[in-house]
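The values are calculated or read from the model by the stated rules, or taken from the named source; none is laboratory data. No experiment lies behind these values; they were computed from the predicted model shown. All Cβ positions, glycine included, derive from the backbone under ideal geometry; neighbour counts span all protein chains shown.
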Amino acid sequence: MEIKITKTTAPAVKPEASVLGFGKYFTDHMFIMEYNPEKGWHDARIVPFGKIELHPACTALHYGSEVFEGLKAYRKSDGSVQLFRPMENIRRMNRSAERLCLPQIPEDTAMQILTEFIKFEQDWVPSAPGTSLYIRPFMFGNDETLGVHSVKHATFMIITSPVGSYYKEGINPVKIMIEAEDVRAVRGGTGEAKCGGNYAASNRAGEKAEEKGYSQVLWLDGVERKYIEEVGAMNVMFKIDGEVVTPQLTGSILPGITRKSCLEILRAEGYKVSERRISIDEIGKALADGKLEEAWGTGTAAVVSPIGELCYKDVKYIINDGKIGEVTSHLYDTLTGIQWGKIEDKYGWTVPIK
Ligand SMILES: *Cc1c(COP(=O)(O)O)cnc(C)c1O
């Protein structure tokens, strides 16, 4: 696919690493292309970053037809830039698009667009420890009618944002509230699609948790409200009596690429791992028996995030004295080592930008 390039005439001054945070600054350019049934994907272009015009009846604004992805570009110590398992993001975006009746993008075309765009913007990949360029591909329905039917016109874009180290003051375990009323997703719904609507439905519980001093929400299954699903924008894992356990992918859980990578590392290294249903009662019992050894979340933004406290219906569960555990640290070191090119990538997960 040919990509037309229009360079900005007003490049921005790149922010210092210390002020980056998450998703506050954007690079000089963005990628955009459109879809319709006659032409397929067309008008692929890199243009100066800026506002876009939408018809007020745009499908995404009314009926929520939007999917997105999140991955990062990392700068290695030799100055080169690499991506981490980008084909996994491309495949997941196409699965999300399929669920929401949005058009798919052929895998090789999506990979070409992604690598060409990142190569074009590569000066924006920061180099300070822990920093990276967050990449946000997204697609939305863009029909100019209020009629409710499947999407005929769509727009795909990629925007990129230099982001700071998630753990500026060292890795501090997070406190998480288990939500007992709202649910995030049910089997057959859109839980396994990475779509904006899932987040809109999660906000109320997130606010409630924040008011009580918890940083994120842990969701239970939508039917029995008994089995653990995932945390906000992270999958969750526990170490119980020497074994790593994580909720199996039932259709209502987002299949995280960090989750998958952690499981592959643990299995390759001979850890006991199982994907199965985990009830909140089992967690309570393991804690009471002194067998709940570690808990952590996994996701692109935080990589691996230790969980120091869970709260369920006002009962507090303190895990590992609120400290980061051994397996949690090991996974963090291994993943970040591979991502920033500090340790050998024996899994073949990294893709250099050349
Ligand atoms: C993106 C996301 C994750 C984590 O997925 P990664 O591929 O590991 O970044 C987990 N849960 C939800 C709801 C997500 O949107």
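Assorted remarks:
- For Val351: the one exception among (1) over 30 Å from Gln112 (Cβ atoms); (2) touching a residue at least 60 places away in the same chain (Cβ under 8 Å); (3) in a strand (DSSP E or B): (1)
- Among residues of the stretch 81-96 that are aliphatic (A, V, I, L, M), those with a beta-carbon under 7 Å from a residue that is within 11 Å of the ligand (Cβ to nearest atom) and at pLDDT 95 or above at least six positions away or on a different chain give the pairs Leu83/Leu71; Met93/Val67; Met93/Glu69.
Yes/no per residue for (1) among the acidic types (Asp, Glu); (2) surrounded by fewer than 22 Cβ atoms within 10 Å (Cβ to Cβ):
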position: Lys226; (1), (2): no, yes
position: Met234; (1), (2): no, no
position: Gly242; (1), (2): no, yes
position: Ile257; (1), (2): no, no
position: Glu264; (1), (2): yes, yes
position: Ala268; (1), (2): no, yes
position: Val273; (1), (2): no, yes
position: Trp296; (1), (2): no, no
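- Subset of the stretch 259-306 [within 18 Å of the chain's Cα centre (by Cα) and in a strand (DSSP E or B)]: Trp296, Gly297, Thr298, Gly299, Val303, Val304, Ser305, Pro306
- Of the listed requirements (1) within 24 Å of Ile338 (Cα to Cα); (2) modelled with pLDDT of 95 or more; (3) touching a Ser or Thr at 6+ places or on another chain (Cβ under 7 Å); (4) exposed (fewer than 14 other Cβ atoms within 10 Å of the Cβ), Ala57 misses just one: (1).
- From the list Ile135, Ile105, the lone residue that is more than 30 Å from Val19 (Cβ to Cβ), at pLDDT 95 or above and in the same structural domain as Glu38 (by TED's automatic domain parsing) is Ile105.
- Contacts under 8 angstrom Cβ, first residue in the stretch 281-309 being closer than 9 Å to Ile319 by Cα, partner among the polar types (S, T, N, Q) and within 16 Å of the ligand (Cβ to nearest atom), 6 or more apart: Glu294/Thr328
- Options Val231, Val236; residue that is at negative phi and in contact with a Pro (Cβ under 8 Å, 6 or more places away or on another chain): Val236
- Entry remark, the stretch 230-272: residues being more than 9 Å from the ligand (Cβ to nearest atom) and touching a Lys or Arg at 6+ places or on another chain (Cβ under 8 Å) number 13 in total.
- Residue within the stretch 182-201 that is in contact (Cβ under 8 Å) with a residue 60 or more places away in the chain and more than 30 Å from Gln104 (Cβ to Cβ) present: no
- Applying the criterion of being outside any loop (DSSP other than H, G, I, E, B) and among the aliphatic types (A, V, I, L, M) to the residues of the stretch 239-258, the residue that is farthest from Arg187 (Cα to Cα) is Ile240.
- Those residues of the stretch 67-85 which are surrounded by 20 or more Cβ atoms within 10 Å (Cβ to Cβ) and either within 15 Å of the ligand (Cβ to nearest atom) or hydrophobic (A, V, I, L, M, F, W, C) (or both), in sequence order: Val67, Glu69, Leu71, Lys72, Ala73, Tyr74, Val81, Leu83, Phe84, Arg85
Here is a yes/no grid of residues against (1) touching a residue at least 40 places away in the same chain (Cβ under 8 Å); (2) of a type outside the set (S, T, N, Q); (3) surrounded by 21 or more Cβ atoms within 10 Å (Cβ to Cβ):
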| residue | (1), (2), (3) |
| --- | --- |
| Phe117 | yes, yes, yes |
| Phe120 | yes, yes, no |
| Pro129 | no, yes, no |
| Leu133 | yes, yes, yes |
| Asp143 | yes, yes, yes |
| Met157 | yes, yes, no |
| Lys175 | yes, yes, no |
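- Identity of the residue in the stretch 335-347, β-branched (Val, Ile, Thr) and in contact with a Ser or Thr (Cβ under 9 Å, 6 or more places away or on another chain), that ends up surrounded by the most Cβ atoms within 10 Å (Cβ to Cβ): Ile338
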